[in-house]
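Notes for the one structure printed next.
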Amino acid sequence: MMQNLKIDHSEGIVTITVSRPEALNALNLQTLSELITVLQQAYEHSDQRGIIITGDGDKAFVAGADIKELSALTHDQARAFAQNGQRLFKLIEDCPKPVIAAVNGYALGGGCELAMACHIRIAAGEARFGQPEVNLGIIPGYGGTQRLTQLVGRGKALELMMTGDMIPAEEAKTIGLVNHVVASQDLITTCRKMLSRILEKGPLAVSGVISSVNAGFGFEKAGYDAEADNLARCTTTNDFKEGTDAFINKRKPQFKGE
């Protein structure tokens, strides 16, 4: 029984709904563990031919990592935290079955990283995307520094990650972060229709496309290791303490670069 996920199986499509609406579906360790379990099952079961990942409610897809949980981690725990998330999202990226992110609201921080790990992203018009970690005095840790750069290019990726700006769905589509933008009431239907079209094709060919595209980018160890190292380093700073305290207490942080 899943605590933070809702699972629906229908016509060969598994719909995974991250369900922590009280926390805007933020990714805590329990949710990450459950996602790993569900994805491993999808790898193993031949009747699970395609996957949709979405968020519960209409406010958030996934609004990020659980900040209160993250703020309590030591340096080594923070590095392991990043590496565990990277492994999970690599499991999504390497899934031999098509995975579509149905982005129904805020996709921020770890939520944007989750969406980027999926093969295709379809967003509701109200969706918002961003990597706002710098507002907390840290950096993306679940592969965002790598995948955002791959999807939108170095310059735009650096801009988004250094400013922490949040962008609307249509802009995300324009820069290549999102494939399609649809009305919110049509989001899941559109995702299912696209998956149904893909599932009519040869499954080995679809898997081969995924594998070949991923091979072109590769899981660059240096980049991902640097991300985990820099996230861990940031969590030991006074800036991170200030950033998380400001976030929790809903005030503007005063960073000192220390």
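The values are calculated or read from the model by the stated rules, or taken from the named source; none is laboratory data. Everything numeric in this text was worked out from a predicted model, so none of it was measured. Please note: Cβ atoms are built from the backbone with ideal geometry, for glycine as well, and neighbour counts cover all protein chains shown.
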Cβ-Cβ distance below 8 Å, separation of 6 or more or different chains: which pairs start in the stretch 194-223 with a residue that is assigned to a helix (DSSP H, G or I) and end on one that is small (Gly, Ala, Ser) and at pLDDT 75 or above?
Leu195/Gly50; Ile198/Gly50; Leu199/Gly12; Leu199/Gly50
Filtering the stretch 171-202 down to residues that are within 13 Å of Glu11 (Cβ to Cβ) and of a type in the set (Asp, Glu) yields Glu200
From the set of residues in the stretch 167-195 that are out of contact with any Leu (no Cβ under 6 Å at 6 or more places or on another chain) and loosely packed, with under 14 Cβ neighbours inside 10 Å, which is nearest to Asp58 (Cα to Cα)?
Gln185
The residue that is surrounded by the fewest Cβ atoms within 10 Å (Cβ to Cβ), considering only those in the stretch 228-249 that are at pLDDT 85 or above and assigned to a loop (DSSP other than H, G, I, E, B), is Asn249
The condition of being surrounded by fewer than 17 Cβ atoms within 10 Å (Cβ to Cβ) and under 16 Å from the mean Cα position of the chain (by Cα) holds, among Gly164, Gly143, only for Gly164
Note on the stretch 175-193: residues in a helix (DSSP H, G or I) and β-branched (Val, Ile, Thr) are Ile188, Thr189, Thr190
Under 9 Å by Cβ, and 6 or more places apart or on different chains, what pairs join a residue from the stretch 133-149 that is over 14 Å from Asn230 (Cα atoms) with one that is of a type in the set (Phe, Trp, Tyr)?
Asn135/Phe247; Arg147/Phe89; Arg147/Phe217
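Can you pull out the residues in the stretch 6-30 that are within 20 Å of Cys95 (Cβ to Cβ) and either of a type in the set (Gly, Ala, Ser) or surrounded by 20 or more Cβ atoms within 10 Å (Cβ to Cβ) (or both)? Before you say what the answer is, go through the steps one by one.
Step one: list which residues in the stretch 6-30 are within 20 Å of Cys95 (Cβ to Cβ), which gives 6-18, 27.
Scanning the stretch 6-30 gives Ser10, Gly12, Ile13, Val14, Thr15, Ile16, Thr17, Val18, Leu27.
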Do we have any residue at all in the stretch 21-39 that's more than 19 Å from Glu113 (Cα to Cα) and among the acidic types (Asp, Glu)?
yes
All positions within the stretch 170-227 that are at pLDDT below 90 and on the phi > 0 side of the Ramachandran plot
Gly218
